[in-house]
Amino acid sequence: ISYCLVIYYMKMKSFTSGMVTILLNRLGDIGLLLIMGLMTYYGSWNLSFYKMNEFMMIYILLMAFTKSAQIPFSTWLPMAMMAPTPVSSLVHSSTLVTAGIYLLIRYVNLLDFNYKNYIMLISSLTMLFAGLVANFELDLKKVVAYSTLSQLGFMMSMLSIGSTELVFLHLFIHAMFKSLMFMCVGSYIHYMYSNQDIRMYYGMYYIYPMKSMILIFSILSLGGFPLMNG
């Protein structure tokens, strides 16, 4: 389904982005299928039996890193911005990119201390990479995509220190405000006749004052402004 959504506009760049998205996400599906195969082989679906299984831990990390676009599997997330903006709002807020976070919340008790250190390293690199690249990106939708990537790295880092309840709360907060952010950006792009170059977006506050205030509110909330949920 994600492939069909990404190639909606039927352009060569859309086809390329859709293929990269579906291939990298199939790696995560392979990890999930291998976990199910191991559980079937050992004869139990009780997770407490697999706490020290090295293969199980590796497959869990493969599944989580690919689904939530952590380094080195983060290329598909900005490429998926070829999809329409409502699709990006759905995918980035509640479905595709949060699947790895949710699955890691369920499986994090299986990971030992060394694997949690590895998660902390990868998530920190992802946050740093996304923040740096977003500063030099000119495509408005890709800037929002890199902010999603940074938030995913932040949630992964919190999982590595055992804050599962806080991650689950932030997952809901991020879903709501990131969806709001994408819908505001989509209205801007519609007004600019599908031009996504951020250098052309001057004076939007005077054209869309209410939408601009909502966008600023969502940015401040995800940025952790005092008295807000981020």
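The values are calculated or read from the model by the stated rules, or taken from the named source; none is laboratory data. All figures in this text were calculated on a predicted structure; none of them were measured in a lab. Cβ placement follows ideal geometry from the backbone for every residue including glycine, while neighbour counts extend to all protein chains displayed.
Quick notes on this one:
- Residues located in segment 147-186, provided they are hydroxyl-bearing (S, T, Y) and within 17 Å of M120 (Cα to Cα): S150, S157, S160, S163, T164
- Test: residue in segment 153-166 that is surrounded by fewer than 17 Cβ atoms within 10 Å (Cβ to Cβ), hydroxyl-bearing (S, T, Y) and either modelled with pLDDT under 85 or closer than 30 Å to I105 by Cα (or both): yes
- Scan of segment 68-90 for residues that are farther than 17 Å from L27 by Cβ and touching a Phe, Trp or Tyr at 6+ places or on another chain (Cβ under 9 Å), ordered by number: P78, M82, A83, P84, T85, P86, V87, S88, S89, L90
- Taking segment 143-160 as the range and being among the aromatic types (F, W, Y) and either touching a strand residue (DSSP E or B) at 6+ places or on another chain (Cβ under 7 Å) or more than 17 Å from A80 (Cα to Cα) (or both) as the test, only F154 passes.
- Every condition in (1) surrounded by 21 or more Cβ atoms within 10 Å (Cβ to Cβ); (2) at pLDDT 85 or above holds for A134 except the one numbered (1).
- Selected residue (criterion: farthest from P86 (Cα to Cα)) from residues of segment 178-230 that are buried (at least 16 other Cβ atoms within 10 Å of the Cβ) and among the charged types (D, E, K, R): K211
- Against the numbered list (1) farther than 21 Å from V20 by Cβ; (2) more than 11 Å from the chain's Cα centre (by Cα); (3) at pLDDT below 85, M82 comes up short only at (1).
- Matching option when the condition is touching a Pro at 6+ places or on another chain (Cβ under 8 Å) and either among the hydrophobic types (A, V, I, L, M, F, W, C) or surrounded by fewer than 19 Cβ atoms within 10 Å (Cβ to Cβ) (or both), among A145, A175: A145
- For the criterion of being surrounded by 14 or more Cβ atoms within 10 Å (Cβ to Cβ), within 14 Å of T164 (Cα to Cα) and of a type in the set (G, A, S), G100 passes.
- Of the residues in segment 92-106, at least one is over 28 Å from M19 (Cβ atoms), out of contact with any Gly (no Cβ under 8 Å at 6 or more places or on another chain) and not basic (K, R).
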